[in-house]
Amino acid sequence: MAAMWSVIFYTGLAVAAFYFILLQPVLKEKREQRKAVQQLRVGDEVITTGGLIGEVKDVVVPPEGPTEIILEIAPGVRVRAVTDAIARRLSTLETSESQPAAEGPQGEVTHSGA
């Protein structure tokens, strides 16, 4: 009888350890990624899960179905992507515009940032 309780206890301990060590960080990262994608705005630079880097030109929210994002991957080349295809946001329009220009060597102006 004591051996049975011991097996149940260690099995429960292994499941709890699996959840907190392996599963919890993955779920937290997924939640943060989903939150970042929901905050996408026109002008943000993103990278897709396929490795394409593009600028968000439009966010289309249909009445039903997944939210689509129109990306410009090259001048004049636009593609449609679902929000699940966005791996992460590289930069935002606000951060690139709000960073002041810094003076480089010989007084030339350089732009700081991405």
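The numbers here are math on the coordinates, done by the rules we state, and not lab data. These figures come from a predicted structure and were not determined experimentally. Heads up, the Cβs are rebuilt from the backbone with ideal geometry, glycines too, and the neighbour counts pull from every protein chain shown.
Things worth noting here:
- Looking across the stretch 64-87 at every residue that is within 14 Å of the chain's Cα centre (by Cα) and outside any strand (DSSP E or B), the one that is surrounded by the fewest Cβ atoms within 10 Å (Cβ to Cβ) is identified as D84.
- Test: K28 is over 15 Å from A85 (Cα atoms) and assigned to a strand (DSSP E or B): no
- Complete set of residues in the stretch 56-71 that are acidic (D, E) and under 11 Å from R41 (Cα atoms): D58
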